[in-house]
Amino acid sequence: MTCERTETLAEHGWQRSTFSGGGGNNCVEVVTAGSWVSIRESEAPDQNITTGRGMFGALLIGIKAGRFRGPTA
């Protein structure tokens, strides 16, 4: 799944992919402030991971390069 285009979630400034559809909870959401980035799954908005911008950038580079594999059945 590609999460490229985003819309702002007004309550916290979270960004969600428009790819997830109108009411779908199937995408990653991101919010930034200062030198940190917080990431959460839309299905579990009360749980998030916070990291630095540099580490988040490295994660995105790795994802785009195909260095991570999804869950296997």
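The values are calculated or read from the model by the stated rules, or taken from the named source; none is laboratory data. These numbers come from a predicted model, not from an experiment. Ideal geometry is used to build each Cβ from the backbone, glycine not excepted, and the neighbour counts take in all protein chains shown.
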Considering only residues that are in contact with a Leu (Cβ under 9 Å, 6 or more places away or on another chain) and surrounded by 10 or more Cβ atoms within 10 Å (Cβ to Cβ), which ones fall in the stretch 46-73?
THR51
Enumerated strands (runs of 3 or more DSSP E) restricted to the chain, each holding at least 1 residues that are of a type in the set (S, T, N, Q) and modelled with pLDDT of 65 or more:
14-17, 28-33, 36-41, 49-52
Checklist (1) in contact (Cβ under 8 Å) with a residue 12 or more places away in the chain; (2) farther than 20 Å from ARG16 by Cα applied to ALA65, failing item
(1)
